[in-house]
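Comments concern the structure below.
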Amino acid sequence: MAVSDVLKRSGRPVVTLESGRSVDDAIDAMSAGNVSALIVTEKDLPVGIFSKRDVLRTYLRDKSRSFAAVRLGDAMTARLISAKPGDAIDMAMQVMLEAGIGHLPVIADEKIIGVLTAGDLVEYRLAALDDELHHLKEYIADLHEAGLD
């Protein structure tokens, strides 16, 4: 199964915000979109990601500074690790585990088409294991019936 297949299942919208906006704007956008991360853009191109973890880092960096005064481009994670729609799910899972990230943007032709979460991948893996268990039960039942003949 490819990354694009899991994206179709999740149906989650991609939330983006320009890097010149404030952290306060980002938090509002994340809340309104019911997402735990958004993609930071410049001239409609992805340049970073901003997640709940970045909110905490921003707060810890300077507790006296208002989120409205912090530019999103200064608070985002600039290292944007991403996947392509045709990438295998197992590869995407490996990338997320190795990088220690919970969100994986999916980019096609320099445009964000979706964001996979760790939860999306866990759901996929659980469904795959459930299918495998079902097939194994059928196989065992067939073996048992063959032994009775």
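Okay, here's what the table says:
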read-out	value
Qualifying residue in the stretch 106-121 (condition: under 21 Å from N34 (Cβ atoms) and without any contact (Cβ under 8 Å) to a residue 40 or more places away in the chain)	yes
Qualifying residue in the stretch 90-111 (condition: open to solvent by 60 Å² or more (accessible area, probe 1.4 Å) and in contact with a Ser or Thr (Cβ under 7 Å, 6 or more places away or on another chain))	no
Scan of the stretch 61-78 for residues that are aliphatic (A, V, I, L, M), open to solvent by 40 Å² or more (accessible area, probe 1.4 Å) and assigned to a helix (DSSP H, G or I), ordered by number	A68, A69
Single residue of the stretch 1-12 satisfying the filter (aliphatic (A, V, I, L, M) and in a helix (DSSP H, G or I)) that is most open to solvent (accessible area, probe 1.4 Å)	L7
Residues located in the stretch 18-41, provided they are in a loop (DSSP other than H, G, I, E, B) and open to solvent by 50 Å² or more (accessible area, probe 1.4 Å)	G20, R21, N34
Filter result for V15 (crowded, with 17+ Cβ neighbours inside 10 Å, within 16 Å of H103 (Cα to Cα) and not polar (S, T, N, Q))	yes
Leading residue by the ranking (modelled with the lowest pLDDT) among those in the stretch 90-104 that are part of a helix (DSSP H, G or I) and out of contact with any Leu (no Cβ under 7 Å at 6 or more places or on another chain)	D90
Options I49, I81: the member that is assigned to a strand (DSSP E or B), closer than 27 Å to V3 by Cβ and either open to solvent by less than 40 Å² (accessible area, probe 1.4 Å) or without any contact (Cβ under 8 Å) to a residue 12 or more places away in the chain (or both)	I49
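The values are calculated or read from the model by the stated rules, or taken from the named source; none is laboratory data. The model shown is predicted, which means the values in this text are computed figures rather than measured ones. Neighbour counts are summed over all protein chains in view; Cβ atoms, including those assigned to glycine, are modelled from backbone coordinates with ideal geometry. Heavy atoms of the whole protein, side chains included, go into the accessibility calculation; ligands, DNA and RNA do not. Shrake-Rupley method; radii C 1.70, N 1.55, O 1.52, S 1.80 Å.
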